[in-house]
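Engineer: After the structure tokens below, expect a handful of questions from me.
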Amino acid sequence: MNISFSVEELLAITSPSRTQGDLKIQITGIAALDKAQKGDLSFLGNQKYKHEVPTSKASVLLLPEDFAEEPKPDQLFVHVKNPSFALGQICRVIESKLWPKREPSIHPSAIIAESAQIAKSAYIGPYCVIGEGAIIGENAILESQISIGRHVIIGDKAWLAPHVSIYDFSKIGTGVRIHSGAVIGSDGFGYETVNGIHEKIPQVGCVVIENDVEIGANTTIDRARFAETRIGQGTKIDNLVQIAHNVSIGKNCFIVALAGISGSTVIEDYVVVAGQAGIAGHLHIGKGVMIGGQSGVNHSIPAGSFVRGAPALPHMQANRIDILKKQLPELFKRISTIEETIKKLSPSCE
């Protein structure tokens, strides 16, 4: 990755509250504090790495506004409200150069149904297949080898990476980003066992993805048994997440990698589901709930709670239980000693 920024360009992008030091060279790389060399940009996004700042060889460091130390010669401290976000602003500029906007066009290898409607500003890449009655919005980008089912709606400015599959009747909102291998609208997992045979229950609903949602690679979102599976505006879903039929997820949630959400569960706005957490079906997760990594949630959770563990418990209660678990070996040892003592004393007690 080749990058080049002048100090003036960096300051224009980040709008710092103040700077310390002086620097004339171009910035040609980005690196962690302990890996950075001359010409690199680095940042302090987590206070646990504060001790690495004085020894960092980075030429420019993005630092919190209250950082009090002095830069070395030929080093520039750039003080911003949020160093991680400031770095994100710089990376957004880099991203626009690495992956420039696609020019509106339809690749000759694309297969498009006659009844599909493609906006003139859209880009349809190689080997894409677009089904009957599908609608592709303004400035939408379909990279390559993407399958769009019948009567699917792809909103304006949506971006779909290679090998995304969108099943029939799904609705994808404005500005949605879907990464490679994601499957939207596959059948929900529904069966009834009749006379010893697992009879498949038809899944005749759809999936609705609201505006500004991001869906990670190889994530699957199942179509509803009836009505809809819905992902709320601004929600961000990581890689390898499974969302089952008729799930409803609110606005601005975070669903982290390898999480699984069972059917008909309702998740309200601003919920965080950490990695490898599993949520059982037909539950209600209140607004602002935080669910810790690897948690097993088998009951509804009221708004504002922080839970973790399997089964999931309030965070502080789970902490106390963990402390007690560490004491179990010593406790059993003491009990064994007491039992041995009782056995020795019992003959004299008869």
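No value in this document is a laboratory result; all are computed from the given coordinates. This one's a predicted model, so the numbers in the text were calculated from it and none came from an experiment. All Cβ positions, even for glycine, are placed from backbone atoms using ideal geometry, and neighbour counts span all protein chains on display.
Engineer: How high is the relative contact order of the chain? Use alpha-carbon pairs under 8 Å, at least six apart in sequence, and give a whole percent.
Structural biologist: 6 percent
Engineer: So which lysines can LYS38 reach, going by Cα to Cα under 26 Å and dropping same-chain residues fewer than 8 places off?
Structural biologist: LYS24, LYS48, LYS50, LYS57, LYS72, LYS81, LYS97
Engineer: Something else: Antiparallel versus total DSSP beta bridges in the chain: what percent is that, nearest 5?
Structural biologist: Here the antiparallel bridges make up roughly 15 percent for the chain.
Engineer: Once you have all Cα-Cα distances for the stretch 105-314, histogram them in 5 Å bins from zero and send the whole-percent values.
Structural biologist: Here the calculated profile for the stretch 105-314 is 2, 8, 15, 20, 17, 14, 11, 7, 4, 2, 0, 0.
Engineer: Please report the orientation-averaged projected area of the chain, defined via the convex hull of its C-alpha atoms, in nm².
Structural biologist: Computed as one quarter of the Cα hull surface, the answer is 29.2 nm².
Engineer: Apply the membrane-span-like helix rule to the chain: whole DSSP H runs, Cα extent along the own long axis of at least 15 Å, mean Kyte-Doolittle hydropathy at least 0.5. List the helices found.
Structural biologist: Working: long enough: 83-98 (22 Å, 0.56); 315-349 (49 Å, -0.47).
In the chain, the long hydrophobic H runs are 83-98.
Engineer: First measure r as the distance between the Cβ atoms of SER336 and ASN298, then evaluate 1/(1 + (r/R0)^6) with R0 = 45 Å and state the FRET efficiency to the nearest 0.05.
Structural biologist: Details: r = 34 Å, r/R0 = 0.76.
The value I calculate is 0.85.
Engineer: Summing +1 for each Lys or Arg and -1 for each Asp or Glu, what net charge is found among the other residues whose Cβ lies under 12 Å from the Cβ of THR28?
Structural biologist: Net of charged neighbours comes to 0.
Engineer: Which of HIS163, HIS315 has the fewest other C-beta atoms within 10 Å, and how do the rest follow up to the most?
Structural biologist: Exposure proxy ranking, most exposed first: HIS315, HIS163.
Engineer: Can I ask one more? Taking the number of other C-beta atoms within 10 Å as the exposure measure, put HIS151, HIS299 in order starting with the fewest. Could the numbers behind the result be given before it?
Structural biologist: Working: HIS151 17, HIS299 10.
Ordered from fewest to most neighbouring Cβ atoms within 10 Å, HIS151, HIS299 come out as HIS299, HIS151.
Engineer: Ok, one more. Can you compute the helix-only [θ] at 222 nm over the chain? Use -39500 (n - 2.57) per DSSP H run of at least 4 residues, normalise by all residues, nearest 500 deg cm²/dmol.
Structural biologist: Estimated from H runs of four or more residues: -6000 deg cm²/dmol.
Engineer: Calculate the tail of P(r) for the stretch 208-337: the fraction of all Cα-Cα distances greater than 24 Å, expressed in %.
Structural biologist: Counting pairs separated by more than 24 Å, the tail of P(r) holds 30 percent.
Engineer: Calculate the length of the line joining the C-alpha centroid of the stretch 273-350 to that of the stretch 1-73, in whole Å.
Structural biologist: 44 Å
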